[in-house]
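Engineer: Quick one: structure below, then a few questions.
The values are calculated or read from the model by the stated rules, or taken from the named source; none is laboratory data. Worth saying up front: this structure is predicted, and the values here are computed from it rather than measured. Positions of Cβ are backbone-derived with ideal geometry, glycine not excepted, and every protein chain shown enters the neighbour counts.
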Amino acid sequence: MSRLILVLGDQLSPDVAALKSADKSSDIIVMAEVADEAAYVPHHPKKIAFLFAAMRHFAQTLRDDGWTVDYTQLDDAAPHASIGAALLAAAERHGTSKVVATEPGEWRLISHLNETPLEVTQKEDDRFVATRAEFEAWAEGRKELRLEWFYRDMRRKTGLLMESDKPAGDKWNFDHDNRKPASGSVDFSGPMQFTPDQITNEVLDLVEARFPENFGTLRPFWFGVTTTDARRALTHFIKGGLAKFGDYQDAMLQDEKFLWHSILSMYLNAGLLSPLEICRAAEQAWLDGNAPLNAVEGFIRQIIGWREFVRGIYFHEGPDYTSRNALGHGRALPALYWGGETKMLCLSQAIDQTRTEAYAHHIQRLMVTGNFALLAGIDPHEVHEWYLAVYADAYEWVEAPNTIGMSQFADGGVVGSKPYVSSGNYIDRMSDYCKSCAYSVKTKTGEGACPFNLLYWHFLDRHRSRFSDNPRMGNMYRTWDRMNADKRETILSEADAFLRDLESGKPV
Ligand code: FAD
Ligand code: DLZ
Ligand code: SF4
């Protein structure tokens, strides 16, 4: 009996587990653009267009390779509401009840497949360096799950930047040499841009017609949509961006959206590239003398370290992870996240480029939009849904641990040992935003004081009982306690006033 082989929108790899186990002569591949997946959050139009265009190109490649593909487009006469509905319809059409899937990267969809009245086998997604079982074994019995130890195991497992059993350069981590503020001009031209072909143009018209209200600009659309495109984008980054990736990975500059970042996460997460092929290309650049070790190690750590680590955490922590709220934050996400007016230049820069490109780099996500949401006490679930919607690389397995865990500390310290909060000083040090901002980063209270300066102390004060004993935060509390009482009072009341304005929808 033939079987249905399900390939989801972020499973576009020829060696994805379900496809590997399929028989070209008898099995039928099922792919479907469905309303439920397109709408569980209001995805950025570029994200939807990227996935649909990449799915249609992938389906074409499979057909060219001799597979039978049952593909439903969202603009077909009878589209399906959900993946389950698409499978049921295909089961009827092809006279089978057996389905082989690769386990989705989201608890919601794993349950959805289990609830389908068909015989569904979910195979482990083995496009990662660590299996889920390996992560569980590593996590077992540890009091704290910290990236550094996990990362070292991944270096040993892959042999990346290893000289027999020692790390290249005798150090596991070169961050000491990294993270400089950017100065001068950016000498990397940014991500490779692609011209949409006919298939992609049809998708763009569809997305324009069906998702007119979603936050984000669809055109110009420059993303690659095939593995060939993604590999060209990889080579382009390795040649032009990688060498300075380490130095400037935390830097932010006005109107420079991409700096020396790779802009590969959307390709990697959709399956157009594999983590190891990216890392091997970076390692080769170092071996060839084209990029320094601090850059290559820093880059590889993001992929075999952070990316694998957060995936492990997502599955380890279970389906309730996205509803955690350890700090009890409940303020609604302000309109400025959806493009509403703000005088805070750091936020308007990060959010404007999110709107136009469905992209912001890590420090913009963590230390600008994330930091502000945390300081302002925004409901972490709303923050999570925002990140899941607006970035082209966002799927719950990777987005939730970064947002709920790393950025909002809503998991109570599973991902990070302390919250990522900072006053305006950090943003000023790492960017050139503050010098052109309507607020003054040097002003701590009163007219024009940078809101991050006020909210930072407000956060520490309102969470004193949780954080004052944290050894990594003691200095902050000592500084706060040394301030005279009147000044503390002024800061707290000005922060309260700011939060009231934010809540009332007044532009801040
Ligand atoms: P580069 O800076 O060039 O880094 C190289 C690669 O390393 C990335 O392509 C990515 O695959 C990987 N990487 C780097 N940092 C992380 C990380 N913390 N977790 C996982 N992978 C990482 N990344 C996503 O892929 N999807 C998300 O939905 C996502 N949501 C985030 C939400 C928040 C609040 C924060 C703070 C971070 C989030 N990240 C997410 C991590 C990171 O910001 C992006 O991976 C990165 O900005 C992608 O851009 P890039 O390809 O230019 O990455
Ligand atoms: C994100 C997304 C979107 C927008 N649309 C589809 C779709 O129509 N069909 C599909 O198979 N997958 C889509 N996806 C990706 C899924 O949401 C993704 O597979 C899950 O979130 C698990 O990571
Ligand atoms: Fe952001 Fe404050 Fe700097 Fe303005 S002054 S850019 S609000 S950190």
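Engineer: What are the residues in region 372-392 that are hydrophobic (A, V, I, L, M, F, W, C) and over 17 Å from the mean Cα position of the chain (by Cα), if any?
Structural biologist: Matches in region 372-392: PHE372, LEU374, LEU375, ALA376, ILE378.
Engineer: Is one or more of the residues making up region 294-317 under 27 Å from ASP461 (Cα atoms) and of a type in the set (Ser, Thr, Tyr)?
Structural biologist: no
Engineer: Inspect all residues belonging to region 165-187 and state whether any of them is out of contact with any Gly (no Cβ under 6 Å at 6 or more places or on another chain) and part of a strand (DSSP E or B).
Structural biologist: Looking for residues that are out of contact with any Gly (no Cβ under 6 Å at 6 or more places or on another chain) and part of a strand (DSSP E or B), one finds at least one in region 165-187, hence yes.
Engineer: Of all residues in region 210-231, how many are free of Cβ contacts under 8 Å to residues at least 60 places away in the same chain and surrounded by fewer than 20 Cβ atoms within 10 Å (Cβ to Cβ)?
Structural biologist: Here the count works out to 7.
Engineer: Among the residues that make up region 418-427, is at least one of them more than 11 Å from ligand 1 (Cβ to nearest atom), surrounded by 19 or more Cβ atoms within 10 Å (Cβ to Cβ) and aliphatic (A, V, I, L, M)?
Structural biologist: Within region 418-427, one or more residues are more than 11 Å from ligand 1 (Cβ to nearest atom), surrounded by 19 or more Cβ atoms within 10 Å (Cβ to Cβ) and aliphatic (A, V, I, L, M).
Engineer: Output the residues belonging to region 338-352 that are part of a helix (DSSP H, G or I) and either out of contact with any helix residue (DSSP H, G or I) (no Cβ under 7 Å at 6 or more places or on another chain) or outside the structural domain of MET430 (by TED's automatic domain parsing) (or both).
Structural biologist: The first filter runs over region 338-352 and keeps only residues part of a helix (DSSP H, G or I), leaving 338, 345-352.
Correct list: TRP338, SER348, GLN349, ASP352.
Per-residue answers, yes or no, for (1) modelled with pLDDT under 95; (2) within 17 Å of ALA373 (Cβ to Cβ):
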position	(1), (2)
PRO471	yes, no
MET476	no, no
LYS487	no, no
SER493	no, no
ASP496	no, no
LEU499	no, yes
GLU503	no, yes
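Engineer: Taking region 235-250, which residues are assigned to a helix (DSSP H, G or I) and more than 17 Å from GLN193 (Cα to Cα)?
Structural biologist: Correct list: LEU242, ALA243, LYS244, PHE245, GLY246, ASP247, TYR248.
Engineer: Just checking, does region 434-452 include any residue being away from ligand 2 (no atom under 16 Å from the Cβ), under 19 Å from the mean Cα position of the chain (by Cα) and modelled with pLDDT of 95 or more?
Structural biologist: The answer is no, given that none of the residues of region 434-452 is away from ligand 2 (no atom under 16 Å from the Cβ), under 19 Å from the mean Cα position of the chain (by Cα) and modelled with pLDDT of 95 or more.
Engineer: Continuing with the same structure: Considering region 144-165 alone, what residues qualify as being in contact (Cβ under 8 Å) with a residue 12 or more places away in the chain, over 15 Å from ARG311 (Cβ atoms) and not acidic (Asp, Glu)?
Structural biologist: ARG146, ARG152, ARG155, THR158, LEU160, LEU161
Engineer: Another one. Condition (residue is more than 30 Å from TYR477 (Cα to Cα) and in contact with a Gly (Cβ under 7 Å, 6 or more places away or on another chain)) applied to region 374-390: is it met by at least one residue?
Structural biologist: Yes - at least one qualifying residue is present in region 374-390.
Engineer: So GLY289 passes all but one of these: (1) in contact (Cβ under 8 Å) with a residue 24 or more places away in the chain; (2) out of contact with any Leu (no Cβ under 6 Å at 6 or more places or on another chain); (3) not in a helix (DSSP H, G or I). Which condition number does it fail?
Structural biologist: (1)
Engineer: Moving on. VAL203: out of contact with any strand residue (DSSP E or B) (no Cβ under 8 Å at 6 or more places or on another chain) and not in a loop (DSSP other than H, G, I, E, B), yes or no? Write out each step before concluding.
Structural biologist: Numbers: out of contact with any strand residue (DSSP E or B) (no Cβ under 8 Å at 6 or more places or on another chain): yes; not in a loop (DSSP other than H, G, I, E, B): yes.
When the stated conditions are applied, VAL203 passes them.
Engineer: Which residues, taken from region 209-228, are closer than 21 Å to ILE351 by Cα and not aliphatic (A, V, I, L, M)? It would help to see each step written out before you state the result.
Structural biologist: At the first step, the residues of region 209-228 found to be closer than 21 Å to ILE351 by Cα are 211-223.
Of everything in region 209-228, those that are closer than 21 Å to ILE351 by Cα and not aliphatic (A, V, I, L, M) turn out to be PHE211, PRO212, GLU213, ASN214, PHE215, GLY216, THR217, ARG219, PRO220, PHE221, TRP222, PHE223.
Engineer: With respect to the numbered conditions (1) within 16 Å of ligand 3 (Cβ to nearest atom); (2) more than 30 Å from VAL225 (Cβ to Cβ), which one is the sole condition not fulfilled by GLU382?
Structural biologist: If we test GLU382 against (1) within 16 Å of ligand 3 (Cβ to nearest atom); (2) more than 30 Å from VAL225 (Cβ to Cβ), just (1) comes out false.
Residues are listed down the side, and each one gets a yes or a no for (1) outside the structural domain of MET483 (by TED's automatic domain parsing); (2) touching a strand residue (DSSP E or B) at 6+ places or on another chain (Cβ under 7 Å); (3) more than 19 Å from THR342 (Cβ to Cβ):
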residue	(1), (2), (3)
TYR426	no, no, no
SER431	no, yes, no
CYS434	no, no, no
ALA438	no, no, no
LYS444	no, no, yes
GLU447	no, no, no
PHE452	no, no, no
LEU460	no, no, yes
ARG464	no, no, yes
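Engineer: Continuing with this model, one more query. Any chance you could count how many residues in region 95-111 are within 7 Å of ligand 2 (Cβ to nearest atom) and under 22 Å from ASP70 (Cβ atoms)?
Structural biologist: Total meeting the criteria: 2.
Engineer: Within region 398-406, is even one residue within 23 Å of the chain's Cα centre (by Cα), farther than 17 Å from ALA373 by Cα and in the same structural domain as GLN353 (by TED's automatic domain parsing)?
Structural biologist: For region 398-406, residues within 23 Å of the chain's Cα centre (by Cα), farther than 17 Å from ALA373 by Cα and in the same structural domain as GLN353 (by TED's automatic domain parsing): present.
Engineer: From the list GLY330, GLY318, which one is under 19 Å from GLY505 (Cα atoms), away from ligand 3 (no atom under 16 Å from the Cβ) and among the small types (Gly, Ala, Ser)?
Structural biologist: GLY330
Engineer: Taking into account only those residues within region 125-140 that are touching a residue at least 24 places away in the same chain (Cβ under 8 Å) and either farther than 17 Å from ARG307 by Cβ or small (Gly, Ala, Ser) (or both), which is farthest from ligand 3 (Cβ to nearest atom)?
Structural biologist: GLU136
Engineer: A follow-up question, please. For region 212-244, give me each residue that is of a type outside the set (A, V, I, L, M) and over 30 Å from LEU62 (Cβ atoms).
Structural biologist: PRO212, GLU213, PHE215, THR217, LYS239, GLY240, GLY241, LYS244
Engineer: Conditions: (1) in contact (Cβ under 8 Å) with a residue 60 or more places away in the chain; (2) closer than 21 Å to LEU253 by Cβ. SER423 meets all but one. Number of the miss?
Structural biologist: SER423 satisfies all of (1) in contact (Cβ under 8 Å) with a residue 60 or more places away in the chain; (2) closer than 21 Å to LEU253 by Cβ except (1).
Engineer: Exactly one condition in (1) crowded, with 22+ Cβ neighbours inside 10 Å; (2) among the polar types (S, T, N, Q); (3) away from ligand 2 (no atom under 16 Å from the Cβ); (4) under 22 Å from ASN325 (Cβ atoms) is false for SER431; which is it?
Structural biologist: (4)
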